[in-house]
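K.L.:
Here it is, the structure in full.
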Amino acid sequence: MIRPLMFTALLAASTACTGEEANGPAPAPTATPSPAASATPAGGFATTAVAQFDSPWAIAFLPDARILVTQKDGQMLLVSADGRQRRTIATLPVSSAGQGALMDVVPAPDFARSRRVYFSYSAAGDGGKGVVLARGVLDDAPGAERLRSIEALYRATPLVDGDGHFSGRIAFSPDGQYLFFTAGDRQKFTPAQDKDASLGKVLRLTPDGKPAAGNPLAAQGFLPEVWSYGHRNLLGIAFDAQGNLWEQEMGPQGGDELNLILPGRNYGWPNVSNGSHYDGRDIPDHAPGDGYEAPKVWWNPVISPGGLMIYSGKLFPQWAGDAFIGGLSSQSLVRVDLNGTQATKGDQWPMGARIRDVAEGPDGAIWVIEDGAKGRLLKLTPRA
């Protein structure tokens with residue numbers, strides 16, 4: 001039985017944090033028991049626990065309201081809207097140590113025709129590990145759904161050692177012509193400012209994974225796919241209704257950021273940050289005239305941002321156009337009021353668990369998925 005949980009309004013302050021292509025066999029669809037409810041406060045929402053997963057990473061809705069879910073272990077699942085049926089449609093060869101995972105998943109803008117699904121994952125190769133952008137075609141035969149024709153489209157370079165800061169978020173431009181992809185700095189200090197590396201960058205690609213024509217930094221000697229640079233660990237990217245591109249990233253010790261991404265701009269990492277190094281050493285703050293693009297909103301103490309969604313639905317009209325962010329160490333759902341190119345902090349609701357991703361459902365409900373071995377998929381609707 002799916003259990004609706006009613007919660008009372010409670011505003012929480014953020015908490016500090018000091019850290020952070022083969023298909024598998026297609027098993028038969030399985031019925032999913034509803035996870036046990038917990039009395040987790042989430043202000044202003046009626047919350048329904050829909051399903052439970054093993055270390056989920058991202059969620060995305062298909063046009064018919066079915067849900068794609070990725071897991072850290074490399075499984076991609078297709079889940080019914082009520083959570084009662086699920087099927088593993090692919091198992092990817094991920095390098096899942098540390099922060100490695102099967103990461104983001106996004107249906108193509110023309111999914112209704114092409115049936116294409118884009119996704120990212122961490123993979124090992126000669127010389128180290130890196131984030132990969134890939135796609136496949138959803139074969140939707142009832143009872144035999146699978147992702148076929150899987151192909152890797154783009155690999156961030158260089159490959160380096162370590163298991164952190166892969167990033168791997170995906171967003172299509174509003175016209176569907178371009179694919180924006182985030183490549184984290186891989187916990188190295190130099191790549192974010194390195195013209196010869198795609199690490200620490202926002203990339204603008206074609207839907208086939210090639211550098212898009214007209215990117216702003218190629219004439220300055222950067223890789224032709226680079227759109228912006230000076231980033232750390234970019235864990236959310238989304239367009240608003242005006243076509244502005246927003247990105248969120250984890251800072252070091254303090255200094256989580258929400259950025260308005262502009263072509264060709266340098267966002268400063270590791271030269272400036274509103275946080276500090278983990279060993280306590282100071283990093284110069286963003287300052288007017290320093291040549292770097294400052295965040296529109298920043299957090300200290302941190303929220304440890306997970307997924308990013310910009311709301312466009314009708315169930316919560318008071319929040320139309322606002323950004324919603326999953327909080328990991330802060331165990332919260334965070335709202336930011338967006339007004340054109342400006343942003344101000346809004347609500348922060350405690351969720352009682354690390355929130356890995358957030359999405360808007362076809363009916364305007366807000367969906368979040370918890371991090372961890374028993375991560376729940378939760379549907380948030382207005383309280384009666």
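Quick note: the coordinates plus some simple rules give every number you see, no bench work behind them. Note that the coordinates shown come from a computational prediction; the quantities given were computed from them, not determined experimentally. Note that we place each Cβ from the backbone using ideal geometry, even for glycine, and neighbour counts take in every protein chain shown.
K.L.:
Mind checking which lysines have their Cα closer than 29 Å to the Cα of Lys379? Skip sequence neighbours fewer than 8 apart in that chain.
P.N.:
Lys72, Lys296, Lys314, Lys345
K.L.:
Something else: Give me a comma-separated list of calculated 3J(HN,Hα) values for the range 82-92, in order, Karplus coefficients 6.51, -1.76, 1.60 applied at θ = phi - 60°, integers in Hz, x for any Gly or Pro.
P.N.:
Computed from phi, the couplings for the range 82-92 are 8, x, 7, 10, 9, 8, 6, 9, 6, 10, 9 Hz.
K.L.:
Determine the sum of side-chain charges near Asn274: Lys and Arg each +1, Asp and Glu each -1, restricted to other residues whose C-beta is under 9 angstrom from that of Asn274. Don't skip to the end; give the middle numbers.
P.N.:
On the way: positive: none; negative: Asp256, Glu257, Asp285.
Here the charged neighbours net out to -3.
K.L.:
Which Cα, out of Pro305, Phe166, Ala373, lies furthest along the positive dipole direction of the chain (beta carbon charges, K/R +1, D/E -1)?
P.N.:
Value: Ala373.
K.L.:
Same structure again: Can you put Thr206, Thr91, Thr341 in order of Cβ neighbours within 10 angstrom, beginning with the fewest? Walk me through the intermediate numbers first.
P.N.:
Numbers: Thr206 15, Thr91 19, Thr341 12.
Taking fewest neighbouring Cβ atoms as first place, the list is Thr341, Thr206, Thr91.
K.L.:
Still on this structure, I have one more. If neighbour count is taken as other Cβ atoms inside 10 Å, put Thr182, Thr157 in order from fewest to most. Can you show the working numbers first?
P.N.:
Working: Thr182 31, Thr157 17.
Final ranking by Cβ density, sparse to dense: Thr157, Thr182.
K.L.:
Quick check for me: using +1 on Lys/Arg Cβ and -1 on Asp/Glu Cβ, what's the dipole size of the chain about its Cα centre, in debye to the nearest 20? Don't jump to the answer; show the numbers that get you there.
P.N.:
On the way: 34 positive and 39 negative charges, 169 e Å.
About 820 debye.
K.L.:
Here's another thing I want to ask about it. Which order do the peptides 310-318, 95-103 come out in when sorted by mean C-beta neighbours inside 10 angstrom, highest first?
P.N.:
Details: 310-318: 14.9, 95-103: 21.2.
Taking the mean over residues of other Cβ atoms within 10 Å, the ranking is 95-103, 310-318.
K.L.:
Among Asp82, Asp126, Asp104, which comes first, then next, by fewest other beta-carbon atoms within 10 Å?
P.N.:
Details: Asp82 14, Asp126 5, Asp104 28.
Listed from fewest to most nearby Cβ atoms, that is Asp126, Asp82, Asp104.
K.L.:
State to the nearest 20 debye the size of the charge dipole of the range 280-384 about its Cα centre, where the only charges are +1 on K and R beta carbons and -1 on D and E beta carbons. All intermediate terms of the calculation are to be shown ahead of the outcome.
P.N.:
Working: 11 positive and 12 negative charges, 96 e Å.
Rounded to the nearest 20 debye, it is 460 debye.
K.L.:
Run the reach check for Lys201 against aspartates and glutamates, Cα to Cα strictly under 17 Å, same-chain hits fewer than 8 apart removed. What comes back?
P.N.:
Asp104, Asp185, Glu225, Glu247, Glu249, Asp256, Glu257, Glu293
K.L.:
Taking 0.36 nm per residue of sequence separation and subtracting the Cα-Cα distance, how much length would be gained by fully extending the chain between Ser173 and Tyr278, in nm to one decimal?
P.N.:
Gain on extension, Ser173 to Tyr278, equals 34.3 nm.
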